[in-house]
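Reviewing the structure listed below.
Read-outs throughout are calculated quantities, based only on the coordinates presented, and are distinct from any laboratory measurement. Keep in mind that what you see is a predicted model, and the values were worked out from it rather than measured. Every residue, glycine among them, receives a Cβ derived from its backbone with ideal geometry; neighbour counts consider all protein chains shown.
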Amino acid sequence: MDEALANLDNLRISQRELDELTGLDISETLMGWAYRQAALRPERRLAWLGSQLLTLGVMLILCVPAVLLLARSMSGDDERVVLLALPVGAFGAIALTIAWALYRLRAGRRLITLSHLLDEIDRYNEMVAAVEILEELANKGSRLNLENRADVLEALHLTRESLVCGLMTERVLRKHQQFMARRQEMFSSIERNLVTLQQLRVSDEANDYGRLLNEAIQIGTSVHRELSGAGLER
């Protein structure tokens with residue numbers, strides 16, 4: 001049974017694996033600098049609020065002394081002006097904290113696919129933990145026992161492979177998203193040009209210019225077909 005529990009532990013997708021597969025620092029609320037979609041769920045809201053308080057503390061340390069030094073240098077050590085600058089520094093720290101949180105939430109929406117994958121991995125790890133508990137109870141002589149254990153382990157193994165493959169695919173697509181966007185723009189441009197050529201062909205089909213346009217359309221169509229085929233193969 002100890003060997004069985006060790007196998008279950010190997011099925012779990014660890015924190016280190018998540019960091020390596022995504023190329024980002026993953027936590028319950030963060031993926032790199034971006035917030036996960038699950039960060040504001042009730043069970044994780046306390047951790048998110050703790051992160052905001054920590055950020056606010058850092059901003060206060062940075063903003064308040066800077067504002068006080070600026071007020072002191074401009075007022076000539078006037079204590080009244082320096083004291084009035086305290087709320088300004090605190091307000092600046094709060095504003096920067098809110099702006100930073102909004103930026104991270106917006107960045108999280110750009111990584112929505114990764115966020116959903118991480119949620120699925122959390123559920124998967126919970127399933128592994130549930131099976132592990134059943135194995136431990138059976139080891140202690142409990143009547144509870146895992147039926148069709150081999151099938152369950154096989155299903156967990158296949159699920160793990162699918163999730164790992166999904167993380168690897170998402171990382172590759174994220175890395176090359178600018179190139180893919182440019183390629184999509186190129187295809188759109190070719191299609192627009194082909195439509196324009198087709199319209200010119202209808203109006204000038206009776207003359208030699210129409211014949212040349214017809215050849216250009218055929219060439220453009222062939223190029224578009226080749227590019228599209230290469231895109232599908234990738």
**³J(HN,Hα) computed for each position of region 57-73 - Karplus, 6.51 cos²θ - 1.76 cosθ + 1.60, integer Hz, glycine/proline x** = x, 5, 5, 5, 4, 7, 7, 4, x, 5, 5, 5, 5, 5, 5, 5, 6
**Request:** Provide the FRET efficiency to the nearest 0.05 for the E43-L173 pair, computing r from the beta carbons and using R0 = 22 Å.
**Result:** 0.15
**Request:** State the extension gain, in nm to one decimal, for the chain segment bounded by I133 and D25, taking 0.36 nm per residue of separation less the distance between their alpha-carbons.
**Result:** 36.0 nm
**Asked** What is the gain in length, in nm to one decimal, between R123 and V81 on full extension, counting 0.36 nm per residue of separation less the C-alpha to C-alpha distance?
**Response** 9.6 nm
**Item:** Sorted by Cβ density within 10 Å, fewest first, the residues D19, D78
**Value:** D78, D19
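Would you mind getting the Kirkwood hydrodynamic radius of region 2-175 from its Cα pairs, rounded to one decimal in Å?
It is 19.6 Å.
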**Fill in**
Once amide hydrogens are built 1.01 Å from N within the peptide plane, the residues lying 5 or more places from I26 or on another chain with amide H under 5 Å from its amide H are D19, G32
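Which order do the peptides 48-58, 106-116 come out in when sorted by mean C-beta neighbours inside 10 angstrom, highest first?
106-116, 48-58
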